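Here is the structure we will look at.
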Amino acid sequence: MLQLADLTFLNTRPAQQAQPLTQLLQQNTVQVLECPTLRIALLDEVALASPVQTYDMLLFTSVNALRGWQQNHLDVQFAHHQTLIAIGKATADYGLQLGWPIAVLAQQHFDSESLLAHPQMQDLSGQKILLVKGQGGRDKLPTTLRARGAVVTALDVYKRQPASYCASSWPAFRVSQHPVLLISSYDSFCGLNAILDVAEKQVLSASCAHWDFIELAIVFSQRIADKMRAAGWQRPISVIPTQSNQGVLDALRAYLAQRHAE
């Protein structure tokens, strides 16, 4: 009977974010290989166009957004009227550790769609929002906020870059008996493709046989699963129930329960 200890999990989170998940899974007997697909580079010399106190809401998209804010020593003297919101629980937890009055609105799915569905985010007429984020990314969040009446200023404080080839982890993952791949964002999947294109000297696609050895891909949202399927991915996909480290472990347990029931 397949057990957690039989799985080999490729943790593709950026290096500075990988350890908590690795430790949790290892504590539950999962074999973990770390292979970051993206490198997070914090930007220097980021400046606010207006004093931070002039914004009604500060919206942080990720832990890296908070780190980028810290990197640039931006103002942390928040006014009483201001609302600080994190899209994800990990981001909120990090902000609370800094002593910030930051909250997360979603309860289960920590993405832009869940944030935008919250009652507090419906009528934003006249609200000045500072969106602290990484370079690039989707337009859905700022576009929807503006459509609801907000005046949105985007502040890029970090950028994502393809990481280096994980020369020990990837070959070991390829020969493991029950390989499970983590994809926390579609950028992460594209980053893995970019790394392997160079390392294996071939252009890969989601539909190619190169991926056939993977038993399961665990992804952070249905949107990521849909994009991978649209790109031609043919291997099994599991969307985690809650976007957290515990959610990843729960998804692995659910997969084993499904296998045992077959």
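Here are some notes:
- Centroid-to-centroid separation of the range 53-101 and the range 1-48 [C-alpha atoms, Å]: 24 Å
- Each Cα pair under 8 Å and six or more residues apart adds its separation to the average, and for the chain the resulting relative contact order is 22 percent.
- Extension gain, Leu2 to Thr143: 0.36 nm times the residue separation minus the Cα-Cα distance gives 46.2 nm.
- Choice from Pro236, Pro171, Pro179 showing the highest fluctuation, given a GNM over the chain with Cα pairs closer than 10 Å: Pro171
- Inter-label distance for Gln122 and Gln246, nm, one decimal - labels placed 7 Å from Cα along Cα-to-Cβ: 2.9 nm
- Semi-axis lengths (Å, descending) of the ellipsoid that matches the C-alpha gyration tensor of the chain: 35, 19, 17
- Taking label positions 7 Å along the Cα-Cβ direction at both Arg229 and Ala103, the computed distance is 3.5 nm, reported to one decimal.
- Most mobile listed residue (Ala15, Ala90, Ala79) in the chain, GNM with C-alpha springs under 10 Å: Ala79
- Relative contact order for the range 41-160, counting Cα pairs under 8 Å that sit 6 or more residues apart, in percent: 31 percent
- For Gln26 and Thr54, the FRET efficiency from 1/(1 + (r/R0)^6), where r spans their Cβ atoms and R0 equals 41 Å, is about 0.35.
- Around the amide H of Leu216, modelled in the peptide plane, lie the amide H atoms of Leu181, all under 5 Å away and 5 or more residues distant in sequence or on another chain.
- Here the Gaussian network model covers the chain, with springs between Cα atoms less than 10 Å apart; of Leu25, Leu130, Leu74, Leu74 fluctuates the most.
- Taking θ as phi - 60° and the Karplus parameters 6.51, -1.76 and 1.60, the scalar couplings of the range 97-103 work out to 4, 7, x, 7, x, 10, 9 Hz in sequence order, x denoting glycine and proline.
- Annotation: extensible slack from Ala47 through Gln77 equals 9.3 nm (criterion: 0.36 nm per residue apart, minus Cα-Cα distance).
- Amide H contacts of Ala163: Leu38, Arg39, each under 5 Å away and 5 or more positions distant or on a separate chain (H built 1.01 Å from N in the peptide plane; Pro and chain starts excluded).
- Helix-only [θ]222 nm of the chain, DSSP H runs n ≥ 4, -39500 (n - 2.57) each, per residue, nearest 500: -10000 deg cm²/dmol
- Residue-count net charge about Gln31 - beta-carbon cut-off 15 Å; Lys, Arg +1, Asp, Glu -1: -2
- Prolate/oblate/rounded call for the range 41-160, Cα gyration tensor, a/c under 1.5 rounded: rounded
Each value in this text was obtained by applying a stated rule to the coordinates, not by laboratory testing. Note that the structure is predicted; figures quoted are calculated from it, not measured. Cβ atoms come from the backbone with ideal geometry, glycine included; neighbour counts cover every protein chain shown.
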